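Notes follow the structure.
Coordinate-derived values only; no laboratory data. What you see is a predicted model; the values in this text were computed from it and never measured. Please note: Cβ atoms are built from the backbone with ideal geometry, for glycine as well, and neighbour counts cover all protein chains shown.
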Amino acid sequence: MLVLPVRGPMRAQVIEFQIGKGLPKEAFEQIAPTVTEGRLVVFPTEVSYVVGGDAFNQQLVNRVRGLRQDAQSPLALYISSITEFRLYAVPVLPRLRRALERCLPGPYGIIVRATQAAPRVCVTQAGTIEMHMPASQSYQMFYEASGRPLLGVKLDLVRREDVLERFGEQADLIVLTNEPMNPQSYALLDFTQDPPQAVQGELPKWLRL
C-alpha cells in the first residue's frame, strides 16, 4: 500500500505520449538520464500507472520504499522482452513454458523463481520474483528510452488528473498517455506452482488446465 503524498506545488516534469505520434526527440532523450540518475518516475502500462524507476539504483529503491507502508516487501520488476525474462527467471517446467510465454507481453504479473542476476530488491526471502512485461505501446516506448530494467509499484490510477494530483509533487518525471487502460484485465499469476495459480485476478483461459 502506498502512503498518500501531501498535496503541494507541482515539481514533476511531464511528458505526454500520444498514440500514433510517439514521443518528440527531446522528450525521448530526457527519459534515459532521468532514470539512470535514480529519479522517481510515474509511467504507464495497459493496466494502470506505475511508480518506480531504475531497478539497480539504491537511491531510487529507498525513495520507492518510502512511499509504501510495507516498506521492506519486495518490489516488482518491469522488463520488455522474453530475453530479459529468461535472464532473471529460473526456467519453469517445459510443459508450462509455452503457456507462460503466451502471457508475455500482456497485462499480467508473473511470479517465478529468481536467478542470481535479478535485482535483490525484487527477490523475496523464498527466492521468487514478480515480473511484468506490459504490452502497451506507451510503456514499450518509455522502456526503450529508459534503457534500464525498472522496478515499480502498480497504482490504482488510470486518469491523468489523479496521477498529477497524487504525484505532481513527489515524482521527478510523469509520463502520461492517451492509450486506454483496463485494470480489470490484470492478473498476478504464480508459476512456481503446478498448475499455475492466480494470486490476484483470474487465470487466462489457456492456463485453466
> So, in Å, what gap is there between the alpha-carbon centers of the stretch 32-81 and the stretch 114-133?
Replying inline: 14
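Might you report the magnitude of the Cβ-based charge dipole of the stretch 23-104 about its Cα centre, with Lys and Arg at +1 and Asp and Glu at -1, to the nearest 20 debye?
400
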>> Could you tell me which residue out of Phe167, Gly53, Leu100 lies farthest along the dipole of the chain toward its positive end? Charges go on the beta carbon: Lys and Arg +1, Asp and Glu -1, centred on the Cα centre.
In response: Leu100
> With the calculation restricted to Cα positions, what are the radius of gyration and Dmax of the stretch 14-82 in angstrom?
Replying inline: 13.4, 40
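Can you sort Val153, Val199, Val50, Val123 by how many other beta carbons sit within 10 Å, fewest first? Mind dumping the intermediate values first?
Working: Val153 17, Val199 13, Val50 24, Val123 20.
In increasing order of surrounding Cβ atoms, one gets Val199, Val153, Val123, Val50.
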> Any idea how far apart Leu87 and Ile19 come out in nm if each label point goes 7 Å out from Cα toward Cβ?
Replying inline: 3.0
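Could you give the dipole magnitude of the chain about its Cα centre, charging the beta-carbon of Lys and Arg +1 and that of Asp and Glu -1, in debye to the nearest 20? Show your work: numbers first, answer last.
Details: 22 positive and 21 negative charges, 97 e Å.
Approximately 460 debye in magnitude.
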>> Looking at the stretch 13-207 only, what percent of DSSP beta bridges run antiparallel? Nearest 5 please.
In response: 65
